[in-house]
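Peer 1: I have a structure here, written as structure tokens, and I will follow up with some questions on it.
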Amino acid sequence: MKITPFNDSIIFVVLLAAVLLGCVNVEKQPIIGKPKILSINDINKRPPLSLSRLAYDLRYLFLNEEFGKNLVIDQVVSANDILYLLDKSKKKLFLTNLTGRKISELTGVTCFDVTNDKLYTYNSANGMMIVSNVFGQLKGHYRLGFRGVDFMSLNDSTFVFYTGGIITADKESNRYELAFVSKNGELKEFALPISEVKQGINYAPIRRFTRDNGLFFISGLGTTSYQISEQYLKPLLKFDFEESMLTDSIFETFKELESYSFFPYVLNLTNKLNTDKHKFFNFTLRGVEGYIFVSKKDSKPIMINLKSSADRTSDFNDLIPEAYNNSLFVSIVDKRRFQKNYELFLKMSSGSRQSSRLQNVNYQNVLRNNNPIILLYKLRGI
């Protein structure tokens, strides 16, 4: 068949349309603006700070046999006067009130999100999203095709997933940190490109989202905090840890390391919680945890600390707050630490009903199920 100019044009248009249709599957959300640089210098030279000197009005919750035995709490959220406790190995989410009474228990949970009126629980193995009220009573469910490490609900129609660098069925998620997925399972947008040198790495599956009159995210292997909206991402703060900053060139050199436990650069920066006046950031350096309290008013650090020990059972001074709500910080301690610091806990809760209860209870019997203890306390000036 002889190809005339007319036929040639038709073929070209058809081919062009096919190419374009193959390229418009998923949009890329823009990043608008530049972040404020927050310099964190001489972090290795700072003397350890004792949070126990600031803590007061200590209360504690024993998790009894209702919660089973050998519970491991990987994530805590405090909201609606309820504590949401996730055990990832058991894929169970426990809800308890602030007196330690169990409200409900949800199974098949790998990650979750709590809003003002809804609780979303997700099973990354089967893509099932369960919707409940804040007390864990079932309201509905969605079947999502996307497999992410973590997520949060952006609005009534969209979830935002953290990909964790994992390759999924869309063949593109390992090149972006965030994926926007509709509640009917449609993949709508990607955001935050992963540099080529960092592609193919499964980042630590830690909580990178937070809520604080909006939805916020800190990039994996990065130090920038973003505000997430339906139209764009807005970088707010970028932490500069100077000689402890992990750059692409440094990462490329150490990319094949099996363990980053004693990596001499800051990793796993997260915005763990927020109070009315401060943001609380957590990170690791050489296998040791550190934290930074940042003023919301002027975005300046008011407290920076690198723990003196990597041993989480050492003492209360090494404790890291896990959650916050209504002026109460939440921390988790295991049985060994509680027994070791019994007298300190008594002193910190002195004068409260919890203190007299602690003195009168045979806590050895309470701890037989080997569950962790939840501490509720306040911090002076925070």
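Peer 1: What about Thr121, is it within 17 Å of Asn326 (Cα to Cα) and of a type in the set (S, T, N, Q)?
Peer 2: So Thr121 fails the test.
Peer 1: Name the pairs: first residue in region 52-74 and at pLDDT 85 or above, second residue aromatic (Phe, Trp, Tyr) and outside any loop (DSSP other than H, G, I, E, B), Cβ to Cβ under 9 Å, at least 6 apart or on different chains?
Peer 2: Leu63/Phe94; Glu66/Phe94; Phe67/Phe94; Gly68/Phe94; Leu71/Phe94; Ile73/Phe94
Peer 1: Turning to a different aspect of this structure: His141 passes all but one of (1) within 16 Å of Lys183 (Cβ to Cβ); (2) out of contact with any Phe, Trp or Tyr (no Cβ under 7 Å at 6 or more places or on another chain); (3) assigned to a loop (DSSP other than H, G, I, E, B); which number fails?
Peer 2: Result: His141 passes all but (3).
Peer 1: Using the structure shown, decide if Phe94 is among the aromatic types (Phe, Trp, Tyr), surrounded by 21 or more Cβ atoms within 10 Å (Cβ to Cβ) and at pLDDT 95 or above.
Peer 2: Yes: the conditions hold for Phe94.
Peer 1: If the requirement is being in contact with a strand residue (DSSP E or B) (Cβ under 6 Å, 6 or more places away or on another chain), at pLDDT 70 or above, crowded, with 21+ Cβ neighbours inside 10 Å and farther than 20 Å from Asn268 by Cβ, which of these qualifies: Phe161, Phe180?
Peer 2: None of the other options fit; the residue is Phe180.
Peer 1: A further question follows. Please work out which one of (1) surrounded by fewer than 21 Cβ atoms within 10 Å (Cβ to Cβ); (2) farther than 21 Å from Asn282 by Cα; (3) at pLDDT 85 or above is the condition Gly214 fails and give its number.
Peer 2: (2)
Peer 1: If the Cβ limit is 7 Å and pairs must be 6+ apart or interchain, which residue in region 217-241 that is without any contact (Cβ under 8 Å) to a residue 40 or more places away in the chain pairs with which residue that is part of a strand (DSSP E or B)?
Peer 2: Matching pairs, first to second residue: Gln227/Phe216; Gln227/Lys234; Gln227/Leu236.
Peer 1: Right, Phe190: part of a strand (DSSP E or B), modelled with pLDDT of 80 or more, of a type in the set (Phe, Trp, Tyr) and out of contact with any Asp or Glu (no Cβ under 8 Å at 6 or more places or on another chain) or not?
Peer 2: no
The values are calculated or read from the model by the stated rules, or taken from the named source; none is laboratory data. Predicted model only: the values in this text are computed from it and were never measured. In this analysis, Cβ positions are derived from the backbone assuming ideal geometry, glycine residues included, and neighbour counts consider all displayed protein chains.
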